[in-house]
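Asker: My structure is below; once you've seen it, I'll send some questions.
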């Protein structure tokens, strides 16, 4: 069976697809990963066969939306939806060419990659969609309709890695798939194999937020880290190496600042301080790590609310987020075992979901 996986040029969108793509390949299926031209080198590092289906697109399209955290949430989501719709419009011709020449039996797209979904519907190709995030994001489809003039029908299989107990009612019909963390090529430093000397906080704001935020994120993080050190903790900061290299000297409490594989870093952490992105949030839940979440846009608010609903963490809205409020929230989560207990319950629920191999096997079977 030929299985075409499609993603926009953002790591947080591509990486959740990779375990399923590899499971499909290990089952003997032909797998091809398609993305925009600028993202091919990063996608190729997954070890999967990769091709381009269109011109560059991704973070630059989001930057051009000029969205701020003060903007109404629906407006943020619609603006970002228009960016993804514009990427799809540029890629439709390339996707049609690829579909006609490679002739996939199944197209598996992440939910913001619309060109694959539209062409699959046009050609009658079976389609699956990985539904990252808790939010319905209907604004994305409204934006797609305004830019392209149509939206694809619902996928034959909507795959959802969130624990069923944390999904809103609209996702009741989604198929569960176990979240298997993938961080790209990961070199593990020796300190990751050693037990922390003190409770460890892993801090990350993802790859998109530092570019889109309305505040100086780097300055905020440096000030925050200095105050967090007063809690008697170890701190790991997951951030781009180039960003970390520009920071001033950090407290001795900082074990590492730079690129780090999140799955391994969070497995030894007592707390994940993050932005509510899909990958970080689910990875923390999958290893039983409680969280303090600082959502800023799109699905991050719904993801953070889901963690709070589970009892595995606390959330601060942008207008509530100060260095002092974040430190207080971290201290509360660190010192109250109820958060760790709730995180462990979420871990057990996630572990019971069908794994990528099971899902890949069912996707390659006859259509129901």
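The values are calculated or read from the model by the stated rules, or taken from the named source; none is laboratory data. Quantities reported herein were computed from a predicted structural model and do not represent experimental measurements. Using ideal geometry, Cβ is built from the backbone for each residue, glycine included, and neighbour counts are taken over all protein chains shown.
Asker: Output the residues belonging to the range 169-187 that are in contact with a helix residue (DSSP H, G or I) (Cβ under 8 Å, 6 or more places away or on another chain) and at pLDDT 95 or above.
Answerer: 175, 176, 177, 178, 179, 180, listed by residue number.
Asker: Now for a different question. Looking at (1) under 25 Å from residue 343 (Cβ atoms); (2) at pLDDT 90 or above, which one does residue 268 not meet, given that it meets all the others?
Answerer: Condition not satisfied by residue 268: (2).
Asker: Check 331, 306, 263 and return the single one that is buried (at least 24 other Cβ atoms within 10 Å of the Cβ), in contact with a helix residue (DSSP H, G or I) (Cβ under 7 Å, 6 or more places away or on another chain) and part of a helix (DSSP H, G or I).
Answerer: Matching residue, one of 331, 306, 263: 306.
Asker: Return the residue satisfying two criteria in turn: it lies in the range 125-145 and is part of a helix (DSSP H, G or I) and in contact with a helix residue (DSSP H, G or I) (Cβ under 7 Å, 6 or more places away or on another chain), and of such residues it is farthest from residue 302 (Cα to Cα).
Answerer: Across the range 125-145, the extreme among qualifying residues is 144.
Asker: Could you check residue 165 against (1) within 17 Å of residue 306 (Cβ to Cβ); (2) surrounded by 12 or more Cβ atoms within 10 Å (Cβ to Cβ) and say which number it fails?
Answerer: So residue 165 meets the others, but not (2).
Asker: Report, by residue number, each residue of the range 86-106 that is surrounded by fewer than 17 Cβ atoms within 10 Å (Cβ to Cβ) and assigned to a loop (DSSP other than H, G, I, E, B).
Answerer: Once the filter is applied, which keeps residues that are surrounded by fewer than 17 Cβ atoms within 10 Å (Cβ to Cβ) and assigned to a loop (DSSP other than H, G, I, E, B), the range 86-106 yields 103, 105.
Asker: For residue 243, state whether it is touching a helix residue (DSSP H, G or I) at 6+ places or on another chain (Cβ under 9 Å), surrounded by fewer than 17 Cβ atoms within 10 Å (Cβ to Cβ) and either farther than 24 Å from residue 351 by Cβ or free of Cβ contacts under 8 Å to residues at least 60 places away in the same chain (or both).
Answerer: yes
Asker: Restricting attention to the range 225-240, report how many residues are modelled with pLDDT under 85 and either more than 21 Å from the chain's Cα centre (by Cα) or buried (at least 16 other Cβ atoms within 10 Å of the Cβ) (or both).
Answerer: 1
Asker: Could you tell me which of the residues 319, 349, 358 is surrounded by fewer than 20 Cβ atoms within 10 Å (Cβ to Cβ) and closer than 30 Å to residue 217 by Cα?
Answerer: That would be 319, the only listed residue that is surrounded by fewer than 20 Cβ atoms within 10 Å (Cβ to Cβ) and closer than 30 Å to residue 217 by Cα.
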